[in-house]
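First up is the structure itself, then whatever we jot down about it.
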Amino acid sequence: MNGNLKEKLAETRETFKKRFEELLRSDKDREEVLDKLAESMILADIGIHSTERIINSIREKSKKSDSFKTIKKILEEEIINTLAQFSSDFNLDHSHSVIMMVGVNGGGKTTSLAKLAYSFTKERKNVLMVAADTFRAAAQEQLALWGKKLNIPVIQGQYGSDPASVVYDSIQSLKARSLQLLLVDTAGRIHTNTNLMKELEKIKRIISREIEGAPHEILLALDASIGQNALIQAKEFLKFSGLTGIFLTKLDGTAKGGSVISIVDELKLPIKFIGTGENEKDILYFSPQDFARALLS
């Protein structure tokens, strides 16, 4: 995993690398090193709040005489601690399990759902996908194409129909076929926020009524390439109760990979998966240790 992740974080890592090399060759004192480090972190889109907290923690844990290498090691530990503060375990050990995927349109939600479906079939789970975004024909078509490619069944409703009723039908199908896992692709019309949140809550109520304890996971798909703007999007979805984690999309080819740190730090949610490309295989379980090492190596 680490080699792949290191490659995907190349642009973000370059932001640090030049300054790290400069600091390694310099004889700057600790405060000057920390100032330069803070500047690099903000340029990598880590965010001011998270940067200040991490820098203050490094200041407390280091001595004025410490070398840059020592400070860098403490930085790595701080990043790991930030990213590991919430459990990323998955709650899918049920006869019928349900994952809801939420997020704005265009953020990679449908592709991420298909990647999850593919990943779980490789773990020998029987999967059913449902296109619950009934207001965008393109979303239904996209999921249907993924289903055909991956040989995974997809439930679709009529264009403009009630998304909750489509999800209800998919649950009956899940039970009738004795399948294990239902993946629900939802709408993401953020400009009609109030209606969207009501719609998501209705879908969630239907799922809870039909399968005890479900939905077992509600993942927020967030586009890493937009950096701190992802936080603004995410805060809208925090109004929707029950989020269990983040699926970070489009991590490849962005210089804003540092936003991962502030996303976890500010949203208080674990990152459970990351998407690193357009292929169904471009998905990784998130590891705080691997991420920190790939970012700073």
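Before moving on, here are some points about what is shown:
- Residue satisfying all of: in the stretch 118-138; touching a residue at least 60 places away in the same chain (Cβ under 8 Å) and of a type in the set (Phe, Trp, Tyr); farthest from ARG189 (Cα to Cα) among these: PHE120
- Looking at ILE218, ILE263, ILE246, ILE271, just one residue is more than 22 Å from ARG53 (Cβ to Cβ) and hydrophobic (A, V, I, L, M, F, W, C), and that residue is ILE218.
- In the stretch 173-187, the residues that are surrounded by fewer than 22 Cβ atoms within 10 Å (Cβ to Cβ) and in contact (Cβ under 8 Å) with a residue 12 or more places away in the chain: SER173, LYS175, ARG177, SER178, LEU179, GLN180
- Residues satisfying the stated conditions in the stretch 94-115, i.e. closer than 20 Å to ALA230 by Cβ and either of a type in the set (Ser, Thr, Tyr) or out of contact with any strand residue (DSSP E or B) (no Cβ under 6 Å at 6 or more places or on another chain) (or both): VAL104, ASN105, GLY106, THR110, THR111, SER112
- Filtered residues of the stretch 1-27 (kept if surrounded by 14 or more Cβ atoms within 10 Å (Cβ to Cβ) and charged (D, E, K, R)): LYS6, LYS8, GLU11, ARG13, LYS17, ARG19
- Failed criterion for ILE54 (all others in (1) of a type in the set (A, V, I, L, M); (2) closer than 19 Å to GLY257 by Cβ; (3) loosely packed, with under 15 Cβ neighbours inside 10 Å hold): (3)
Here, each number is a calculation from the coordinates, and none is a lab measurement. Everything quoted here is computed from the prediction, not taken from an experiment. Note that each Cβ is placed from the backbone with ideal geometry, even for glycine, and that neighbours are counted across all protein chains shown.
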